[in-house]
1. Do any residues in the stretch A:132-145 that are in contact (Cβ under 8 Å) with a residue 60 or more places away in the chain have Cβ atoms under 6 Å from those of residues that are in a helix (DSSP H, G or I) and open to solvent by 10 Å² or more (accessible area, probe 1.4 Å), where the two are at least six apart or on different chains, and which pairs are they?
2. Somewhere in the stretch A:47-59, is a residue within 16 Å of the ligand (Cβ to nearest atom), in contact (Cβ under 8 Å) with a residue 12 or more places away in the chain and outside any strand (DSSP E or B)?
3. In the stretch B:14-37, which residue that is open to solvent by 40 Å² or more (accessible area, probe 1.4 Å) and in a strand (DSSP E or B) is farthest from residue B:113 (Cα to Cα)?
4. In the stretch A:99-113, which residues are within 11 Å of the ligand (Cβ to nearest atom) and within 7 Å of chain B (Cβ to nearest Cβ)?
5. Just to confirm my filter: which helices (runs of 4 or more DSSP H) fall fully inside the stretch B:197-236 and include at least 1 residues that are farther than 25 Å from residue B:343 by Cα?
6. Are any residues in the stretch A:133-151 open to solvent by 10 Å² or more (accessible area, probe 1.4 Å) and either closer than 26 Å to residue B:46 by Cβ or outside any helix (DSSP H, G or I) (or both), and if so, which ones?
7. Looking at the stretch A:32-39, is at least one residue aliphatic (A, V, I, L, M), touching a residue at least 40 places away in the same chain (Cβ under 8 Å), within 14 Å of another protein chain (Cβ to nearest Cβ) and in contact with a Gly (Cβ under 7 Å, 6 or more places away or on another chain)?
8. How many residues are more than 14 Å from chain B (Cβ to nearest Cβ) and open to solvent by 40 Å² or more (accessible area, probe 1.4 Å) when one looks only at the stretch A:114-128?
Amino acid sequence: MQRLERNWNTAIERIKTWARTNSPWVVHFNSGSCNGCDIEILAALTPRYDLERFGVELHGSPRHADVLICTGPVTRQARDRLLRIYEQMPEPKFVVAIGSCAISGGVFQGCYNIVGHIDEVIPVDVYVPGCPPRPEAIIDGVVKLLGKLRPSPKPVIEEPAG
Amino acid sequence: MTETEKFSIPIGPQHPALKEPEHFVFSVDGEMVTSASVRLGYAHRGIEKSTENRNWAQNLYLLERICGICSHTHALTYCLGVEKLAGVEIPPRANAIRTLVAEMERVHSHLLWLGVAAHEAGFDTLFMYSWRDRETIMDLLEQLTGNRVNYSANVLGGVKFDVDEELAGAILDGLDYLEKRTYHYLDVVTTDAAFLQRTRGVGVMSAERAERLGVVGPTARASSVARDVRIDAPYAGYDEYVPNLIGHTTGDLEARFEVRIKELFESYRLIREILATIPEGELTSRMPRRIKANEAFSRVEAPRGEVFYYLRSNGSDKPDRIKVRTPTLCNMASVLTLVIGQQLADIPMILVGVDPCFSCNDRMVAINRGGRSEEVWTWERLRQYGIDYYGGSH
Ligand code: SF4
């Protein structure tokens, strides 16, 4: 009985991971960027680069999203919003920081209205450097994240029956 | 009589219709908008103040990143201002290349806008097509400057990159393709019945209203206000390469679409003219590191309207004060008045009609509502205000 339940749970987990890695929904938040990174994200979704072929779809609501794509340094006003959006996302959630600003504050380091970079506010899984990163780099970042989500094959230990 | 209920609808700062953070509150009566307000500042970073801690050359790269879409415009306005301060003349070839990049940037920005606007209208096919074609100009910009966005083609005293025969040929080929496509887009936005339902007669702004609201750029020109810095006060190479003023009289969204698309043809013409007649010569002149105490301003026509810089130097290698005024801030007031009396569903279209760019929008302004006022903010008072406002942490 126990074993049946365990098998059932593993199967469900596998299906979930399969769904997640084959069609992650992303939400995008700009916490004070110069726009450069945002247009490149949008460009990555359009026909030349076509991020959607990896099943990635841009969504409006954080409540539907698996991945949060962040751009820009975090300004004082946007900080609470960023936190709120992160909290609204269902578990498990992943964050991709796009651009030098999101990684380190970039050129805006030392501006009075900047609280810092993204990972000072929320945890980040993948960093994509560049000012702005090329759409190819953004795609690479997202695909790396998908690779990270797939479980690495683990040795299966069979329990003796009974 | 029954009381009609009124709702307030907050939009943003994270919202599917907005690519950038901004917060709007609209009150609606049924489907009709009765009032609108905006809260700016989510992308306020404090760039103007930080320029005072960087030297003249470093500021070029900081100011270029006020906005990633019109980065060349900001860098150009700054360079023109600093060159004026220092009294440096720049070589004619550099001027021509600056103008070339500025026009290429206008092409990329207008195509980008066309896509975003089509997306807001629910016309995603046009969005995808215009962004696909936009890649042509992005490739050319990349070939010329090595970067797709934030090209940094300018240096103080000139430009960094040169155009050779091969590149000029590539640009001309790209333009031929884009021109063909642009005719198609013009056709779509002026004849597609479904699209016209969203644009024709929506958000009409009369010339007088446009004047009163201080609207700039294509938004103003669509309301028959003849205002274009390239023509009124030519800078860089625009006294030799003169654009024609593209205007429209109806002042609705359709007019704004038409003006921007027709401006693309002007840009193609100018780019061809520049490539055909580009003068030979040096790319840079020598710039001094320190600039004696002086003040200057410079104006440039960005894709969205007039960008204005005020610069003051104090004899050191850093600026004393830089003030930036950007077109979206000038146009924002028009959005807030135009939406009143319109359908709720038209809000995104009206907003996108001015081609908003919030990253350059979010700056501090003091609005004087009471007509004439004797109040003058001294430098000390403004500084103290800043320190108090931000709790003196910086
Ligand atoms: S990394 Fe560069 S392009 Fe991206 S938001 Fe920062 S300044 Fe803009």
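1. A:132/A:37
2. No, the stretch A:47-59 contains no residue that is within 16 Å of the ligand (Cβ to nearest atom), in contact (Cβ under 8 Å) with a residue 12 or more places away in the chain and outside any strand (DSSP E or B).
3. Among those residues, the one meeting the criterion is B:29.
4. Hits for the stretch A:99-113 are A:107, A:108.
5. Answer list for the stretch B:197-236: B:217-221, B:229-232.
6. Within the stretch A:133-151, A:134, A:150, A:151 qualify.
7. So far as the stretch A:32-39 goes, yes, one or more of its residues are aliphatic (A, V, I, L, M), touching a residue at least 40 places away in the same chain (Cβ under 8 Å), within 14 Å of another protein chain (Cβ to nearest Cβ) and in contact with a Gly (Cβ under 7 Å, 6 or more places away or on another chain).
8. Going through the stretch A:114-128 one residue at a time, the tally reaches 5.
The values are calculated or read from the model by the stated rules, or taken from the named source; none is laboratory data. Keep in mind it's a predicted model, so treat the numbers as computed, not measured. So basically every Cβ, Gly included, is an ideal-geometry build from the backbone, and we count neighbours across all protein chains shown. Remember, those area values only see protein heavy atoms, side chains included, never the ligands or the DNA or RNA. Shrake-Rupley method; radii C 1.70, N 1.55, O 1.52, S 1.80 Å.
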